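In what follows, a structure is listed as structure tokens, so that the remarks can point back to it.
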Ligand code: 5GP
């Protein structure tokens, strides 16, 4: 596999900026859930790095769980918004204060679908924390309670986000060089 440098056009959000923002988000969530039960739900795999850093900035006791989904796409790799659960949560969320931790909200279709599913399980509350928000690409309006960065309509990778499953390990968010890599839905 080539070095990520091959595909990087620019660093959009450097490591330090990410970490500072995550600290702020952690403080906000800690304030909002002070004295309350808190359960973080992460959608595999993109949100994992964000989740583990965010957890370290949340000072109220909390539990975590994971789910995995796959998108039905017709002949492409992009999420169509129709999601199928490939790995369910381990624990029941009924009566819990759930915060869904996401890497990126793009069209909003995936998130809308997941929120619909989780709502049927009767959590006490259900909020969303996303690191990145590609607001101008929204097709389905979704409530975002905590947002790290609103970013332009560019295909990004690193910090949990992949290019064909690679480079999730990078500590920053980079923009892909579209001369070298064709994003899934372009
Ligand atoms: P949606 O369009 O349903 O909001 O987003 C679906 C999924 O597409 C996201 O959860 C994410 O996995 C993927 N995605 C959207 N934009 C990007 C991007 O810029 N880079 C990467 N690596 N994945 C993206």
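Key figures for this structure:
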| item | result |
| --- | --- |
| Verdict on residue 147 being within 11 Å of the ligand (Cβ to nearest atom), at pLDDT 95 or above and touching a strand residue (DSSP E or B) at 6+ places or on another chain (Cβ under 6 Å) | no |
| Top-ranked residue of the stretch 1-18 - restricted to ones that are assigned to a helix (DSSP H, G or I) and without any contact (Cβ under 8 Å) to a residue 60 or more places away in the chain, ranked as surrounded by the most Cβ atoms within 10 Å (Cβ to Cβ) | 17 |
| Condition check for residue 154: in contact with a strand residue (DSSP E or B) (Cβ under 6 Å, 6 or more places away or on another chain) and assigned to a loop (DSSP other than H, G, I, E, B) | yes |
| Residue in the stretch 83-96 that is in a strand (DSSP E or B) and surrounded by 14 or more Cβ atoms within 10 Å (Cβ to Cβ) present | yes |
| Residue match in the stretch 19-41 (condition: assigned to a loop (DSSP other than H, G, I, E, B) and crowded, with 16+ Cβ neighbours inside 10 Å) | yes |
| Subset of the stretch 147-183 that is out of contact with any helix residue (DSSP H, G or I) (no Cβ under 9 Å at 6 or more places or on another chain) and loosely packed, with under 14 Cβ neighbours inside 10 Å - its residue that is farthest from residue 127 (Cα to Cα) | 179 |
| Residue among 93, 69 that alone is in contact with a helix residue (DSSP H, G or I) (Cβ under 9 Å, 6 or more places away or on another chain) and more than 23 Å from residue 148 (Cβ to Cβ) | 93 |
| Options 171, 184; residue that is within 11 Å of the ligand (Cβ to nearest atom), in contact (Cβ under 8 Å) with a residue 40 or more places away in the chain, under 17 Å from residue 45 (Cβ atoms) and assigned to a loop (DSSP other than H, G, I, E, B) | 184 |
| Out of 126, 132, sole residue that is over 23 Å from residue 161 (Cβ atoms), buried (at least 19 other Cβ atoms within 10 Å of the Cβ), in contact with a strand residue (DSSP E or B) (Cβ under 7 Å, 6 or more places away or on another chain) and at pLDDT 95 or above | 126 |
| Candidates 111, 126, 100, 115 - the one that is part of a strand (DSSP E or B) and within 12 Å of the ligand (Cβ to nearest atom) | 100 |
| Top-ranked residue in the stretch 135-146 [being part of a loop (DSSP other than H, G, I, E, B) and in contact with a helix residue (DSSP H, G or I) (Cβ under 9 Å, 6 or more places away or on another chain); ranked as surrounded by the most Cβ atoms within 10 Å (Cβ to Cβ)] | 142 |
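The values are calculated or read from the model by the stated rules, or taken from the named source; none is laboratory data. Since we're looking at a predicted model, the values are computed, not measured. Don't worry about glycine lacking a Cβ; one is built from the backbone with ideal geometry, like all the others, and counts go over all protein chains shown.
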